1. With angles folded into 0 to 90 degrees, how steeply does helix 111-126 sit against the dominant principal axis of the chain? Use alpha carbons for both and round to 10.
2. In nanometres, what is the gap between the two model label sites at Glu50 and Met64, each 7 Å from Cα along Cα-to-Cβ?
3. With labels modelled as points extended 7 Å from the Cα through the Cβ direction, what inter-label distance (nm, one decimal) is found for Val94 paired with Leu9?
4. Calculate the length of the line joining the C-alpha centroid of segment 8-75 to that of segment 203-222, in whole Å.
5. Could you calculate the FRET efficiency of Thr137 with Ser199 from 1/(1 + (r/R0)^6), where r is the beta carbon distance between them and R0 is 25 Å, rounded to 0.05?
6. Looking at the chain, send over the antiparallel percent of its DSSP beta bridges, to the nearest 5.
7. Is the C-alpha gyration tensor of the chain telling us rounded, prolate or oblate? Criteria: a/c under 1.5 is rounded; beyond that, a/b larger than b/c is prolate, otherwise oblate.
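Nothing in this text is a laboratory measurement; each read-out follows from the coordinates by a stated rule. The structure displayed is predicted, hence computed values, not measured ones. Note that we place each Cβ from the backbone using ideal geometry, even for glycine, and neighbour counts take in every protein chain shown.
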Amino acid sequence: MAKKADPKLVLIVDDEARMRRFMVMNLELENYRVIEAENGLEAIDRVREELPDLVLMDVMMPEMDGFEALRIIRETSTVPVIMLTVRDDESDKVKGLELGADDYVTKPFSPRELASRIKAVLRRIEMDSPGPSSRSTVVVDDYLQIDFNRRVVIVDGREIKLRPTEYRLLYHLVQNAGRTLTHEMILSKVWGYEYRDESQYVRLYITYLRQKIEPDPSRPKYILTERGVGYSFVDFQNS
């Protein structure tokens, strides 16, 4: 009989005790183990000491806000982080994602929505290593090469670092080179079906990728925009 996996450990970071109790109660019903922190400083310590599987991080907190705590956590940890905010503000979402957040949930949210987002993020992490394929090593041209088995991207002779989401996005674009992928297709493949309406995620991460792999991000030659439809990776095999 296969050994049952241990429950995932979730760190809740929020200065409001009532909100923490609400999330603790609902996550324990979903069979998660839960630990808490009241502010960003405490969150940094808990991440280092407890090694949680996922962090739920409020943005507006005293002493240190969620953005600064996330920035410091990302210096040493790749733990998935979902930001929580009362503001449905596009600039806040962009800032959190740029700092390395994996997702964003706006308060108030239902227990079902929170559980769905947590499951989706954890599922992405578990599926984060595309297996070997017939196209595991891709030489696009002299400027860009990708080794999917080793998760290495070489740009102009230099190895560059991609964040997990950037890597997943590049993987699916390259595996479908020459084919236009709609926003919905990309969201379902890279983020999960639950994110099919979050088109700003695609635009933001396409921008990140272009800045890292394109010779001139303002005039992309690899990741092409199909206006009103989506994006495609250049058909390098038939060019």
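1. 50
2. It works out to 1.5 nm between the two label points.
3. 3.7
4. 33
5. FRET efficiency, Thr137 to Ser199: 0.20.
6. 50
7. Prolate, since a/c reaches 1.5 and a/b exceeds b/c.
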